[in-house]
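The values are calculated or read from the model by the stated rules, or taken from the named source; none is laboratory data. This one's a predicted model, so the numbers in the text were calculated from it and none came from an experiment. Cβ sites come from the backbone with ideal geometry, for glycine too, and all protein chains shown count toward neighbours. Areas reflect the complete protein model, heavy atoms only, side chains present, ligands, DNA and RNA absent. Shrake-Rupley method; radii C 1.70, N 1.55, O 1.52, S 1.80 Å.
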Number of protein chains: 2
Amino acid sequence: MEALHLGRGAVGHLRKTPMERSCLSSHAPTRASPGLNVLGVVKSVRCSSSGSGVVQTERRGAVIDGKSIAGQIRKEIAAEVANLKETVGKVPGLAVVLVGTRKDSETYVRSKKKACEEVGFASFGVTLPEDATQEEIVNCVNQFNDDPEVHGILVQLPLPKHINEEAVVGAVSFEKDVDGFHPINVGTLCMQGRKPLFVPCTPKGCIELLLRSGVELKGKRAVVIGRSNIVGTPAAQLLQRQNATVTVVHSATTNPAEIVREADIVVAALGKAEFVRGDWLKPGAVVIDVGINAVDDPSTKKGYRLVGDVCYKEASQVASMITPVPGGVGPMTIAMLLANTLDAAKRSFGVENA
Amino acid sequence: MEALHLGRGAVGHLRKTPMERSCLSSHAPTRASPGLNVLGVVKSVRCSSSGSGVVQTERRGAVIDGKSIAGQIRKEIAAEVANLKETVGKVPGLAVVLVGTRKDSETYVRSKKKACEEVGFASFGVTLPEDATQEEIVNCVNQFNDDPEVHGILVQLPLPKHINEEAVVGAVSFEKDVDGFHPINVGTLCMQGRKPLFVPCTPKGCIELLLRSGVELKGKRAVVIGRSNIVGTPAAQLLQRQNATVTVVHSATTNPAEIVREADIVVAALGKAEFVRGDWLKPGAVVIDVGINAVDDPSTKKGYRLVGDVCYKEASQVASMITPVPGGVGPMTIAMLLANTLDAAKRSFGVENA
C-alpha cells in the first residue's frame, strides 16, 4: 500500500501480557507461532462490567506492542532524516497551529513538538489566543502553506466554538495536509487507481500494526466498529485497499455482536469503554483497539484508569493478537504523523519514496 | 439524504414480470404487501449457466421498474425546469465533451442530449477529433467551466488512449462535476458532516430506486458486490449514509456467496453475467442489479441478449424485490444526471433545494 512505505520487520515486537508472565511458571507454551508469544493456557475471566461475561478458551492473545513498534518506526524515521540532512542538506518541517489554552491540546502539541525534535525535524508552532478570529487563524495557516521549510501543517482540534473548523482545516493545502483530513486526500483514498498524498494518522497506525505483526489481510473479513472521519471510515478504506472484505458497524447497526463474530480482524473505534465483549469475537481474531476511555477507579492514584473500546480481559482470552490500552494504537498516531511529514518532505525534495 | 432531493411517491411503479402475468390466471395473490405485487407461487427454475442452480421458494420478487420510476423523475424535473424558467428566467445547462467517433459513446451522448431537451435543459456539446491533444480537451473543459450558462459538464469516457483521463476529468470544476467523479465530491461523500455537491449517477439511481420502492435501509445489512469508483464504492457510502450496515464484496473476497446470503439488500455491480445465483440470496432480500452484460443468444435477432450480474430467473424466486435487466438501474443513470444538473443550476440560481 502506497501510504505505508516504512520497512517491515517488527514482528518481534509482540510481547507477553503481565498476566501471561505471571502464568509462565506453571504453564508451558504449546502452540506458539513464529514471532507470536501465544501460550496454551486455559483461563476463565469475568469482565468488570455487566454482560454475558465468561469466556473460556485454550489460547490467549499475543499482545501487539504499539509502543515498541512506534519506537522502531521513529528510529527508522530518524535514520532517514539524518540521511536527508547529509544528501539533500534539508530536514522535514512540521508546523502546529494551536488556538487557545486547553490543557489537553497543549499537552498534545508539546508531545508532537518533542517527537519532531527527537527525529530531527524542524518544528514550527504558533499559538493564537482563544479569541482569535477565523481570518487570523486562516492567515496563519496560509503563511505555513507558503513556507517552503514547512512540509506538514497540523491544526490542533478542537478549535474554539466561534471558529468554523471545516473552513480552517480546509485552508491547509492538501499537499501539506499531514492529518489526511482534506477532502481531496479522503477522496483519493477511496478511489481505485488513485493515491492519497496523506492518510489519517490513527487508522494508518492500525494498519501498520497489523502489517508489522505479520497479519494477512487479503481475503480476510474485517469489521470496523465506528464510522468517524478520523478513524473508522479511513480504517475501512485502508483495510479494503489491503484486499480485506470489510463491514462497517455503527450506531444504527442492530446486531453488532453477531457481525463482529464474523471477523478475522476487528478494529474498534467507537469510543465506548469495553463495549466489545469477549464473546463477540471469533476465536483467533486479531483485535485492534483504538479507544481510550477513562473509567472511574478509586484504587488508582488518579481515581481513574484508561480502558479501550474492547473488554481486554475477556478479548485477550479469545483473540490471537490484541493491542493493549494504553500502549497499543496510541503511540502509533504520532509515529504516523512523523511518517506523513517525512513523506511530504521527500516529495518536496524530489526524493523517491521506497 | 442530501443528494436525493426529489419527491418520494413512486411505490406504485413496481410491476409484475411477464412470468407473473402468465401465472395470474391460475394463482391468486396470497402475501402481497402494500405497493408490492408479490404472488404466492411455487416455482422451480434452472439457470442457464452452471452452478447449484435449483431454487425453490414460496414467493416471487416484485419487479422494481426502473424505466417507470426514471420516467416519473424526468417528469418531476421537467416541471421544476418549467417553474425555474418562469420564476428565474433561466434553465439548467449541460455540456457534453465527446472525443473521437466511438459508436457506443456517440449513442450515449445522443441519448443524454435528447434527455436534456425533453426536460427543457439547454444542451451544449463539443465533439473533438480522435487525435485531439490533451491540452485541446482541457481547454474545452475550461471554457465550459467559465460559461455561466453551463451548470454541469460531462466528459464522455473512455477517452482515446493517448489522453490522461484523470487529468481531463480532474479539470472539470467540482462545482460542475455532475458525474460526481471529482476527488472533492468523492471525499465529501465519505465524510460525516459534509455533503458532496454531486453523487455519481448510477449508485445514486440505485438508492433512489430503493427509497422510491419503500425499502427500509436503516439498520439493514447491505452487501455491495464490486468496488469500482463509479458504482460499488459510492453505492456503499450512500447505503451507509442511509444507516445500513454495509459490507463490500470484491474480487479478493474468498466466500462471496456466504456473505451475500447475510444481506437484506444486495447491490450487484461487478460486471459478470449472472454471477450472483439464487441460492446466494437470503429469502426476501432486495436485489439491485447494476450489471448489463451481453451474452450470446442465437435465438435472438441480434445474436445476443442482455443480462445482469444476477441470475434473474433464480433470484426473482427468492428476492422480495428485484430490478430487471434491462429496464432496472439503466434508465436511472440518465435521470440522475438530469437531477444532478438541475441541482447545480438551482445552486447557481440561488434557489433552495427542497
Among residues of segment A:175-215, a drop of 50 Å² or more in 1.4 Å probe accessible area, assembly relative to the chain on its own, occurs for A:Pro183, A:Cys190, A:Met191, A:Gln192, A:Arg194
Interface buried area B-A, accessible surface with 1.4 Å probe, both sides summed, nearest 100 Å², comes to 3000 Å²
Partner lysines whose C-alpha sits under 22 Å from that of A:Lys85, ignoring same-chain residues fewer than 8 away, are A:Lys75, A:Lys112, A:Lys113, A:Lys114, A:Lys176, A:Lys346
On the formula 1/(1 + (r/R0)^6), with r taken between the Cβ atoms of B:Glu352 and A:Lys195 and R0 of 35 Å, the FRET efficiency rounded to 0.05 is 0.40
Across B:139-149, the residue-averaged tally of Cβ atoms belonging to other chains within 10 Å stands at 0
The summed charge of the B:Asp309 Cβ neighbourhood (under 10 Å; Lys/Arg +1, Asp/Glu -1) stands at -1
Counting other chain Cβ atoms within 10 Å of each Cβ in B:252-259 and taking the mean gives 4
In the neighbourhood of B:Asn145 defined by beta carbon distances under 9 Å, the net charge of the other residues (Lys, Arg +1; Asp, Glu -1) is -2
Sorted by chain and then number, the residues having a modelled amide H within less than 5 Å of the amide H of B:Tyr304, at least 5 places away or on another chain, are B:Asp297
Placing +1 on each Lys and Arg Cβ and -1 on each Asp and Glu Cβ in segment B:200-329, then taking the dipole about the Cα centre, the residue among B:Leu306, B:Val295, B:Val215 whose Cα reaches farthest towards the positive end is B:Val215
Label model pair A:Glu216, B:Asn139: point-to-point distance (7 angstrom along the Cα→beta-carbon line) in nm is 5.5 nm
Mean other chain Cβ within 10 Å across B:165-174 is 1
Measuring from its Cα centre, segment A:202-272 shows a charge dipole (+1 at each Lys and Arg Cβ, -1 at each Asp and Glu Cβ) which, in debye to the nearest 20, is 140 debye
For B:Cys116, the net charge from surrounding residues (Cβ-Cβ under 12 Å; K, R +1; D, E -1) works out to +3
Packing-ranked peptide list from A:331-341, B:103-113, A:183-193, highest mean Cβ count within 10 angstrom first, is A:331-341, A:183-193, B:103-113
Taking the alpha-carbon centre of each part, the distance from segment B:231-287 to segment A:189-250 in Å is 19 Å
Between the modelled labels at A:Glu258 and B:Val126 (7 Å from Cα along Cα→Cβ) the distance in nm is 5.5 nm
Taking a ≥ b ≥ c as the square roots of the Cα gyration tensor eigenvalues, with a/c under 1.5 meaning rounded and otherwise prolate when a/b beats b/c or oblate if not, segment B:88-175 comes out oblate
With +1 at each Lys and Arg Cβ and -1 at each Asp and Glu Cβ, the charge dipole magnitude of segment B:88-175 around its Cα centre, to the nearest 20 debye, comes out at 380 debye
Counting only protein heavy atoms and rolling a 1.4 Å probe, one gets per residue an accessible area for segment B:88-175 in Å² of 51 Å²
For segment A:310-354 the trypsin sites (Lys or Arg not before Pro) that pass both the DSSP coil test and the at-most-11 other-Cβ-within-10 Å test are none
